[in-house]
Amino acid sequence: MTMTSANKLLITLLSSVAVAFTTACSPVKTLNAIIPSDGYTLAKGIAYGALPRQKLDVYIPRSKDSVAKPIVVFFYGGSWDSGDRADYKFVAEALTSKGFVVVIPDYRVYPEVVFPEFVFDAAKAVKWAKDNAEKYNGDHNKVFLAGHSAGAHIAAMLTLDSQYLASVDLKPKDFLGMIGLAGPYDFLPVKTDRLRTILGPEDQRWKSQPINFVKGDNPPMLLMVGLKDDTVWPRNTFNLAAKIKEAGGPVEVLQYPDYSHIEMVAKLAKPFRKKDDLLDAITNFIESHTVASASN
C-alpha cells in the first residue's frame with residue numbers, strides 16, 4: 001500500500017468513526033477490530049452494582065513485573081443517552097500500552113435515568129476500582145478519573161462536587177487527578193428539549209454544571225480541548241480552567257488547534273495517533289502526579 005492510499009484509508013476510517021460516535025453505527029467496531037489485543041488481558045462484564053448497566057471492563061497491561069500500576073477509570077461520552085463500554089477498546093489499548101490498568105464502566109443513561117443518577121453510578125464504579133485494584137495488579141492509591149465529552153462532564157462532577165463520592169465514602173482527594181477531553185463543564189442554557197429533560201427542571205439545572213462547584217481544593221486536572229470542536233464549545237474548557245485558577249486550584253489546559261470533538265478521543269486510537277501527542281500528554285500527567293504522590 002502506498003503512503004497516499006494508506007492516508008486515504010485512515011481518513012476514511014476516521015470519518016466513519018466520527019459517524020459511529022454520533023449515530024451508534026458499526027464503524028467503531030471496525031476500528032476496534034484492527035486495534036492490537038496482545039498488550040493486555042481483559043476482565044469483562046464485572047458488576048459494580050445490581051442493575052443491568054452497572055457493569056465494567058478491566059484491561060490489565062501484560063507486564064513482566066508485578067509492580068502495582070496506576071489505574072485510569074475512563075467514562076465515555078454519548079450525550080448522557082447512549083454508549084457502550086465495548087466500543088472503547090481503542091482507548092483501553094492506548095492507555096494499557098503505557099502501563100496503566102484501565103477500567104471502562106457502563107452507566108445508566110436517558111431515558112432510564114436523568115441527572116444526577118448517572119453521576120452516582122460513576123461514583124459506584126470508581127469505588128469498585130479502588131476496592132478491587134489489587135486483584136488486577138492496580139494500585140488503589142494511584143487512581144485517575146478520565147472521560148471524553150459527557151464522560152468528561154461526569155469525571156469533572158466527581159472531582160468538583162464532593163456529594164457524589166461522599167455517597168460511597170470517598171472524597172475527590174482520594175484520586176490523584178482528572179483528565180477531561182472535550183468536556184462540557186459550563187454549558188447553560190441548553191437548547192434542546194431532550195437535554196432539558198435529561199438535566200432536570202430549569203431552576204435546578206445549575207447543579208449539573210461542574211464550574212459551579214469549583215472551590216480550589218480539587219485534585220490536579222488536565223483539560224484537553226480541540227479548537228475545531230463545534231459540538232462542545234472550547235469555552236467550556238477555558239471557563240472552567242479560569243475559575244479553578246482564580247480559586248487557586250491545580251489545572252492545566254492543552255489546546256489542539258486542528259482537532260474536532262470526535263478527534264479528541266479518536267486520535268488515541270493507534271491508527272490515528274499523531275506523534276502520540278494526546279496519549280503522551282495524558283501519560284506525562286499521570287506519571288508526574290504518580291511520582292509527586294509518592295514523594296508526599
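The values are calculated or read from the model by the stated rules, or taken from the named source; none is laboratory data. Just so it is clear, the structure is predicted and the values come from calculations on it, not from any experiment. Reconstructed Cβ throughout: ideal geometry from the backbone, glycine too, with neighbour counts over all protein chains shown.
Some points to look at:
- Among the residues of this structure, Leu145 counts as one that is closer than 20 Å to Ala294 by Cα, under 13 Å from the mean Cα position of the chain (by Cα), of a type in the set (A, V, I, L, M, F, W, C) and buried (at least 24 other Cβ atoms within 10 Å of the Cβ).
- Some residue of the stretch 149-164 being modelled with pLDDT of 95 or more, out of contact with any Gly (no Cβ under 6 Å at 6 or more places or on another chain), buried (at least 17 other Cβ atoms within 10 Å of the Cβ) and within 15 Å of Ser293 (Cβ to Cβ): no
- On inspection, Leu42 fails the criterion of being aliphatic (A, V, I, L, M), under 23 Å from Asp174 (Cα atoms) and in contact with a Phe, Trp or Tyr (Cβ under 7 Å, 6 or more places away or on another chain).
- Residue in the stretch 256-272 that is in a strand (DSSP E or B), aliphatic (A, V, I, L, M) and surrounded by 14 or more Cβ atoms within 10 Å (Cβ to Cβ) present: no
- Selection within the stretch 232-263 - at pLDDT below 95 and either β-branched (Val, Ile, Thr) or within 24 Å of Glu287 (Cα to Cα) (or both): Ile262, Glu263
- Residues of the stretch 165-188 that turn out to be out of contact with any strand residue (DSSP E or B) (no Cβ under 9 Å at 6 or more places or on another chain) and either surrounded by 15 or more Cβ atoms within 10 Å (Cβ to Cβ) or in contact (Cβ under 8 Å) with a residue 12 or more places away in the chain (or both), as a count: 10
- Just one of the listed residues (Lys130, Lys171, Lys124) is under 14 Å from Phe75 (Cβ atoms) and among the basic types (Lys, Arg), namely Lys124.
- Selected residue (criterion: farthest from Lys44 (Cα to Cα)) from residues of the stretch 79-110 that are surrounded by fewer than 20 Cβ atoms within 10 Å (Cβ to Cβ) and among the small types (Gly, Ala, Ser): Ser79
- Residue in the stretch 96-107 that is closer than 25 Å to Asp174 by Cβ and either basic (Lys, Arg) or free of Cβ contacts under 8 Å to residues at least 24 places away in the same chain (or both) present: yes
- Annotation for the stretch 276-288: at least one member residue is in a loop (DSSP other than H, G, I, E, B) and modelled with pLDDT under 95.
- The stretch 1-98 holds helices (runs of 4 or more DSSP H) entirely within its bounds, and those carrying 1 or more residues that are modelled with pLDDT under 55 and either within 21 Å of Phe272 (Cα to Cα) or of a type in the set (S, T, N, Q) (or both) map to 3-23.
- Candidates Arg235, Arg194, Arg205, filtered to the one that is touching a helix residue (DSSP H, G or I) at 6+ places or on another chain (Cβ under 6 Å) and either at positive phi or surrounded by fewer than 22 Cβ atoms within 10 Å (Cβ to Cβ) (or both): Arg205
- Looking across the stretch 273-296 at every residue that is closer than 14 Å to Thr96 by Cα and among the hydrophobic types (A, V, I, L, M, F, W, C), the one that is surrounded by the fewest Cβ atoms within 10 Å (Cβ to Cβ) is identified as Leu279.
- Restricting the stretch 33-70 to residues that are among the basic types (Lys, Arg) and over 15 Å from Ile104 (Cβ atoms) leaves a set whose member that is surrounded by the most Cβ atoms within 10 Å (Cβ to Cβ) is Lys69.
- Test: residue in the stretch 105-121 that is outside any helix (DSSP H, G or I), at pLDDT 95 or above and either at positive phi or touching a Pro at 6+ places or on another chain (Cβ under 7 Å) (or both): no
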